[in-house]
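Only the coordinates and a few stated rules stand behind these numbers; no lab work does. Just so you know, these numbers come straight off a predicted model, no measurement behind them. Quick reminder, even Gly has a Cβ in these numbers, built from the backbone with ideal geometry, and neighbours come from all protein chains shown.
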Amino acid sequence: MTSRRPRANADPASPEPPGPDEETVVRDEDWYGRALSGRTWTRCTFLDTDWTEVESDGAVFEECTFAGVKFNASRHRSAAFVNCTFRRCTFFDTAFTDCKFVGSLFRQSSFTLLEVAGGDWSFVGLPGADLRGAVLDGVRMREADLTGARLEKATVTGTDLSGATLRGARLDGADLRGSDLSALDPLTVQRAGAVISPEQAMVIAQALGFRVG
């Protein structure tokens, strides 16, 4: 049986992350257009930092905290954000290609025009996230927490959602073709106008107790 990875900021005693070491804090800095390729940051905190049009190719962030960071129009390829925490961050016109977000947690962040292609987002926490119109194609999102997430008119194609928590999610008008919907209980989500394939319809029918044949 696969063991669940610990999520970032999972302290049961407090919803807030521990106080950062001031030596690892980047605060109120303008990183506009910077190239972060090939660098590694571990247990760093980025506060109210502008990452507009940042390019990161192969950069690694481990157990980092991002609070109030603007990722607008930034592009990330083969980057890793492992067990990181994102709070009040802005992802406007942001693109992630073949990136790794395993175990990371997002809170109170916005995702307008977000595009994700490939990569591993397993065990990620996106409860209540507003992902309307987002594009998620070929992403591994095993056991992701999408409780109450807004995915109206989103494109979620070829995505592995096995074991994902989708209770209360809004999928109206979403394109879900080619995704693994084995964990989806259609009675616990809003789904009007969502697009699925005949094969997926069979999986859902079986989940509802129907015998198909």
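Here are a few things to note about the model shown:
- Gaussian network model of the chain, Cα within-10 Å springs - most flexible of Thr165, Thr24, Thr97: Thr24
- With the charge dipole of the chain set up from +1 on Lys and Arg Cβ and -1 on Asp and Glu Cβ about the Cα centre, the Cα lying farthest toward the positive end among the listed residues Cys44, Leu184, Leu136 is that of Leu184.
- Charge-dipole axis of the stretch 46-110 as Lys and Arg at +1 and Asp and Glu at -1 on Cβ define it, positive-most pick from Ala95, Gln108, Ala80: Gln108
- Rotationally averaged projected area of the chain (alpha carbon convex hull; nm²): 12.0
- Length released on extending from Val25 to Asp185, taking residue separation times 0.36 nm less the Cα-Cα span: 53.4 nm
- For the chain, a simple Cβ point-charge model (Lys and Arg +1, Asp and Glu -1, everything else neutral) yields a dipole of about 720 debye relative to the Cα centre.
- Nearest-ten-degree value, helix 198-207 long axis tilted from longest Cα axis of the chain: 80
- For Leu113, the residues whose modelled amide H falls within less than 5 Å of its own, excluding neighbours fewer than 5 places apart on the same chain, are Asp93.
- Summing charges over neighbours of Asp185, with a neighbour being any other residue whose Cβ is under 11 Å away from its Cβ, gives +2 when K and R count +1 and D and E count -1.
- Compactness of the stretch 91-213 as Cα Rg over 2.2 N^0.38 Å, two decimals: 0.99
- In the chain, the sites counted are chymotrypsin sites (Phe, Trp or Tyr not before Pro) in DSSP loop states with at most 16 other Cβ atoms within 10 Å, and the longest stretch holding none of them, exclusive of the sites, is 93-209.
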